Amino acid sequence: MVKQPVADIDLRSAALGNGVVGKPPVNRLYQTSTMAALLDAVYDGETTLDELLQHGNFGLGTFNSLDGEMIVTDGVVRQFRAEGLAAEVPGSLKTPFACVTYFEPEKNVTVDTPKDKESFEELVDHLLGNPNLFGAVRFTGLFERVDTRTVFCQCQPYPHMLEVVKKQPTFTMESVSGTMIGFRTPVYMQGVNVAGYHLHFLSEDHKRGGHVTEYKIVKGMLEVATIADLQVQLPRTKQFAQANLNPESLSEAIRIAEGG
């Protein structure tokens, strides 16, 4: 089977001279496909994990056939399948949607008072500043509670994402140490990505985690970086060509799908 070519949208507000041959610049977001496509059951992509890691060592996403949640930390890809356990995976696996960057913190702060989801996001917003730029976020420390979810591997004909999440396994971890990473996306990019915060969690022992739906932190280290350099790789597949990428109530559908 011949691999499908891809279309690249390169949205860069950073200087063109920043690019170098080889490793991409730090804090540049690379994304394959779009959230709207995933929402419309475009669950098969052509990008392998080995290819994905050429663009970043930090990020999140999912796997072909919607086979669980993905977290990328320190250049290692882990998969949370239906049981919520983390496992390293071969580079030959493919992804229909993922976002990665070479994360280099621009600001960090020690958090020494408990914060719920709302107050944590307010702190990150304050540190990032410009709401019209993307942000990369990493918090490492102790959590009073983390609620996560993952998704089951799907079989064709693929059901709509909103049907899948009705049956998603959910998990609650209490008094757990670990790392929560992800991205803040500007509101105007809804559908291309997930407007607002999209975060995944990995426990300190690298055994548990998933897509974060709710949490309360106790203490730890928060690191952030703004992102003004974005590359979106769009598939030229039949499935993507036939997807409805601008459905009614897109924002509400994404909110439900992401557990917001």
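The values are calculated or read from the model by the stated rules, or taken from the named source; none is laboratory data. All values derive from a computational prediction rather than experimental measurement. Cβ atoms come from the backbone with ideal geometry, glycine included; neighbour counts cover every protein chain shown.
Results for (1) surrounded by 13 or more Cβ atoms within 10 Å (Cβ to Cβ); (2) touching a residue at least 12 places away in the same chain (Cβ under 8 Å), shown as yes or no for each residue.
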| site | (1), (2) |
| --- | --- |
| Lys107 | yes, yes |
| Glu122 | no, no |
| Asn130 | no, yes |
| Phe143 | yes, yes |
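Condition test on Leu234, is it assigned to a loop (DSSP other than H, G, I, E, B), within 20 Å of Ala36 (Cβ to Cβ) and not polar (S, T, N, Q)?
Answer is no for this residue.
Take the residues of the range 29-75 that are of a type in the set (Ser, Thr, Tyr) and under 15 Å from Tyr102 (Cα atoms): which is surrounded by the fewest Cβ atoms within 10 Å (Cβ to Cβ)? Spell out how you get there, then give the answer.
Filtering the range 29-75 down to residues of a type in the set (Ser, Thr, Tyr) leaves 30, 32-34, 43, 47-48, 62, 65, 73.
Next, from what is left, pick out any that are under 15 Å from Tyr102 (Cα atoms): 30, 73.
On the way: Tyr30: 21, Thr73: 19.
Here the answer is Thr73.
Mind checking whether some residue in the range 162-172 is modelled with pLDDT of 95 or more and surrounded by 17 or more Cβ atoms within 10 Å (Cβ to Cβ)?
Within the range 162-172 (the criterion being modelled with pLDDT of 95 or more and surrounded by 17 or more Cβ atoms within 10 Å (Cβ to Cβ)), the answer is yes, since at least one residue qualifies.
With the checklist (1) farther than 20 Å from Ala37 by Cβ; (2) of a type outside the set (Ser, Thr, Tyr); (3) buried (at least 19 other Cβ atoms within 10 Å of the Cβ) in hand, flag the one item Val194 doesn't pass.
Here Val194 meets the rest and fails (1).
Quick test for you: out of Pro105, Pro131, Pro114, Pro96, pick the one residue that is of a type outside the set (Lys, Arg), at pLDDT 95 or above and under 14 Å from the mean Cα position of the chain (by Cα).
Details: Pro105 fails: under 14 Å from the mean Cα position of the chain (by Cα); Pro131 fails: under 14 Å from the mean Cα position of the chain (by Cα); Pro114 fails: under 14 Å from the mean Cα position of the chain (by Cα).
When all the criteria are applied, what remains is Pro96.
Here is a list of conditions, (1) of a type outside the set (Phe, Trp, Tyr); (2) crowded, with 18+ Cβ neighbours inside 10 Å; (3) more than 21 Å from Arg255 (Cβ to Cβ), and Asp147 meets all of them except one; can you say which number that is?
Evaluating Asp147 over (1) of a type outside the set (Phe, Trp, Tyr); (2) crowded, with 18+ Cβ neighbours inside 10 Å; (3) more than 21 Å from Arg255 (Cβ to Cβ) leaves (3) as the failure.
Please indicate, with yes or no, whether at least one residue in the range 205-220 is crowded, with 16+ Cβ neighbours inside 10 Å, in contact (Cβ under 8 Å) with a residue 60 or more places away in the chain and among the acidic types (Asp, Glu). Before the answer, list the steps.
The first filter runs over the range 205-220 and keeps only residues crowded, with 16+ Cβ neighbours inside 10 Å, leaving 206, 208-213, 215-218, 220.
If we keep only those that are in contact (Cβ under 8 Å) with a residue 60 or more places away in the chain as well, we get 206, 208-213, 215-218, 220.
Then drop every residue that is not among the acidic types (Asp, Glu), which leaves none.
Within the range 205-220, none of the residues are crowded, with 16+ Cβ neighbours inside 10 Å, in contact (Cβ under 8 Å) with a residue 60 or more places away in the chain and among the acidic types (Asp, Glu).
Of the numbered conditions (1) part of a loop (DSSP other than H, G, I, E, B); (2) in contact with a Cys (Cβ under 8 Å, 6 or more places away or on another chain), Phe183 fails exactly one; give the number of that condition.
So Phe183 meets the others, but not (1).
So that you can scan it fast, the table gives a plain yes or no per residue for (1) part of a strand (DSSP E or B); (2) more than 14 Å from the chain's Cα centre (by Cα):
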residue: Gln156; (1), (2): no, yes
residue: Thr172; (1), (2): yes, yes
residue: His206; (1), (2): no, yes
residue: Val212; (1), (2): yes, no
residue: Val218; (1), (2): yes, yes
residue: Met221; (1), (2): yes, yes
residue: Ala225; (1), (2): yes, yes
residue: Ser251; (1), (2): no, yes
